[in-house]
């Protein structure tokens, strides 16, 4: 399989998983579900991490997991439960543009195209906020935007970890383990873990765990591999089609009913992300 295909596979995985996550969030507390996600991914990555053992970059990888997965993903899941994958995913993916602007803090020049992309993102988010008819969306959209901010901070730390000589498998494992430990502590302190759902069949757990492993273990590993072979820019461009795929699949699978305005807002955001990365 050619390396660009790996990036497209990641886009597919990350497009489908939020659609089904929303169904599980009707049964799980969002923090409990995120703990299940991060702890499962950590367990799956233990053996690869042992074979790739290195402490380089862990000082940045650990806080990246707390920011990106424990906080950012929890906010993303909360938004997902409120307004659905068709809206949450495009809004949260604006973090790709946020990363471009965050580079300015490190002394990087901001291309003029990014300012055009930023205006397009604002327009896209506005359309998504208006596409829900009588159902209010501001809170859910705000949660998705804040999730994107935490993802941005976490991604910057991942870059620091890799640049410090961190092995990508160890960085991936450490970030997920740190997130799982953080979420586990929160659940113990708040006693929210007692609200674990009952009545789920083995088949439901099997499918749910398959989604989680595909998302947080396989998808993340393929993303890093794609970056190492075809570069960051092309990888991000290819995986940025994920929000539009989410809308299409959610509609096709009968899970959600995104409006024409939702599709327009999502397409505008994805176009802005491609513009920001490509130029």
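The values are calculated or read from the model by the stated rules, or taken from the named source; none is laboratory data. Quick caveat, the model's predicted, so the values are computed rather than measured. As a convention, Cβ positions derive from the backbone with ideal geometry for all residues, glycine included, and neighbour counts pool all protein chains shown.
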**Request:** Among the residues of the range 225-242, write down those that are assigned to a helix (DSSP H, G or I), within 14 Å of the chain's Cα centre (by Cα) and modelled with pLDDT under 90.
**Result:** 236, 239
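Of the residues 267, 180, which single one is crowded, with 18+ Cβ neighbours inside 10 Å and part of a helix (DSSP H, G or I)? Break it down into steps so the answer makes sense when it comes.
Values: 267 fails: crowded, with 18+ Cβ neighbours inside 10 Å.
The match here is 180.
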**Item:** Residues of the range 63-107 that turn out to be in contact with a helix residue (DSSP H, G or I) (Cβ under 9 Å, 6 or more places away or on another chain) and modelled with pLDDT under 90, as a count
**Value:** 13
**Asked** Of all residues in the range 249-259, how many are part of a helix (DSSP H, G or I) and either surrounded by 16 or more Cβ atoms within 10 Å (Cβ to Cβ) or in contact (Cβ under 8 Å) with a residue 60 or more places away in the chain (or both)?
**Response** 3
